[in-house]
Amino acid sequence: DTEVTQTPKHLVMGMTNKKSLKCEQHMGHRAMYWYKQKAKKPPELMFVYSYEKLSINESVPSRFSPECPNSSLLNLHLHALQPEDSALYLCASSASLLLYEQYFGPGTRLTVT
Amino acid sequence: DAKTTQPPSMDCAEGRAANLPCNHSTISGNEYVYWYRQIHSQGPQYIIHGLKNNETNEMASLIITEDRKSSTLILPHATLRDTAVYYCIVRVESDKIIFGKGTRLHILP
């Protein structure tokens, strides 16, 4: 199973809402990633987890809060977002931190109203 | 910043080989060349990577010049499903993936 799953596929939220994005993989990978992709732009790295610990935070605003409850799950908690945060949020995993190829999920398309 | 230069778009006839170039003139000796692609509305997909030697897998071939300053990704028999944005990435294995602008490949029927 080389699949990374993400839920929900689409999310519309107001600026005062709290929501969460979920990512799951069952490949035994120990590194997981969050990327943000604006329309017609390349993906940009947000966070990296290794062995369930946060390894890299690319200076992401605190309204985005990642969480890795176990080695298979990665969440992204959203609070007080701005319309400019509307984007495709991609999750990825790899066997080890930053090594080997990364497997990406299909993404969650987020719209902030 | 991305360390690669790719043409913004290319066309290829269905059934023909698609050759996607990438310039990476400042590549270091320990940096690998990776290729990913992103089909519309999907997450990026790993294709292939190499260091010095040419590489081939079930999806594509990667040809790296002897001076390592450029490379070419070859899709041997392009199909309509190969229409995507192709990203050439140069990285040390322990480094972050930094996506550049990529090449938008159109496969023409």
Quick check: anything in the range B:77-88 closer than 18 Å to residue B:32 by Cα and of a type in the set (Ser, Thr, Tyr)? yes
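Matching residues to (1) closer than 15 Å to residue A:29 by Cα; (2) surrounded by 15 or more Cβ atoms within 10 Å (Cβ to Cβ); (3) touching a residue at least 24 places away in the same chain (Cβ under 8 Å):
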site: A:61; (1), (2), (3): no, no, no
site: A:72; (1), (2), (3): yes, yes, yes
site: A:77; (1), (2), (3): no, no, yes
site: A:87; (1), (2), (3): no, yes, yes
Among (1) farther than 24 Å from residue A:89 by Cβ; (2) assigned to a strand (DSSP E or B), which single condition is residue B:86 missing? (1)
By residue number, the members of the range B:46-72 that are within 13 Å of another protein chain (Cβ to nearest Cβ) and of a type in the set (Ser, Thr, Tyr) are B:46
Strands (runs of 3 or more DSSP E) completely within the range A:3-70 that count 2 or more residues being within 14 Å of chain B (Cβ to nearest Cβ) and either within 23 Å of residue A:100 (Cα to Cα) or touching a Ser or Thr at 6+ places or on another chain (Cβ under 9 Å) (or both): A:4-7, A:18-25, A:31-37, A:44-50, A:53-57
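So that you can scan it fast, the table gives a plain yes or no per residue for (1) out of contact with any strand residue (DSSP E or B) (no Cβ under 8 Å at 6 or more places or on another chain); (2) farther than 30 Å from residue B:51 by Cβ; (3) at pLDDT 95 or above:
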{"residue": "A:11", "(1), (2), (3)": "no, yes, yes"}
{"residue": "A:15", "(1), (2), (3)": "no, yes, no"}
{"residue": "A:46", "(1), (2), (3)": "no, no, yes"}
{"residue": "A:63", "(1), (2), (3)": "no, yes, yes"}
{"residue": "A:85", "(1), (2), (3)": "no, yes, yes"}
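Tell me which residues, restricted to the range B:52-72, are touching an Asp or Glu at 6+ places or on another chain (Cβ under 9 Å) and surrounded by fewer than 15 Cβ atoms within 10 Å (Cβ to Cβ).
Scanning the range B:52-72 gives a single hit, B:52.
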So, of the residues in the range B:73-100 that are crowded, with 17+ Cβ neighbours inside 10 Å and not hydrophobic (A, V, I, L, M, F, W, C), which turns out to be farthest from the other protein chains (Cβ to nearest Cβ)? B:82
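Among the residues of the range A:20-56, which ones are under 24 Å from residue A:84 (Cα atoms) and either more than 13 Å from the chain's Cα centre (by Cα) or among the aliphatic types (A, V, I, L, M) (or both)? Give the steps one after another, and end with the answer.
Filtering the range A:20-56 down to residues under 24 Å from residue A:84 (Cα atoms) leaves A:20-23, A:33-48, A:56.
Correct list: A:21, A:38, A:39, A:40, A:41, A:42, A:45, A:46, A:48, A:56.
So is residue B:33 within 14 Å of chain A (Cβ to nearest Cβ) and in contact with a Gly (Cβ under 6 Å, 6 or more places away or on another chain) or not?
Working: within 14 Å of chain A (Cβ to nearest Cβ): yes; in contact with a Gly (Cβ under 6 Å, 6 or more places away or on another chain): yes.
Answer is yes for this residue.
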Is at least one residue of the range A:34-41 buried (at least 18 other Cβ atoms within 10 Å of the Cβ), charged (D, E, K, R), within 24 Å of residue B:86 (Cα to Cα) and in contact (Cβ under 8 Å) with a residue 24 or more places away in the chain? yes
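The values are calculated or read from the model by the stated rules, or taken from the named source; none is laboratory data. Model, not experiment: these values are computed from the prediction. In this analysis, Cβ positions are derived from the backbone assuming ideal geometry, glycine residues included, and neighbour counts consider all displayed protein chains.
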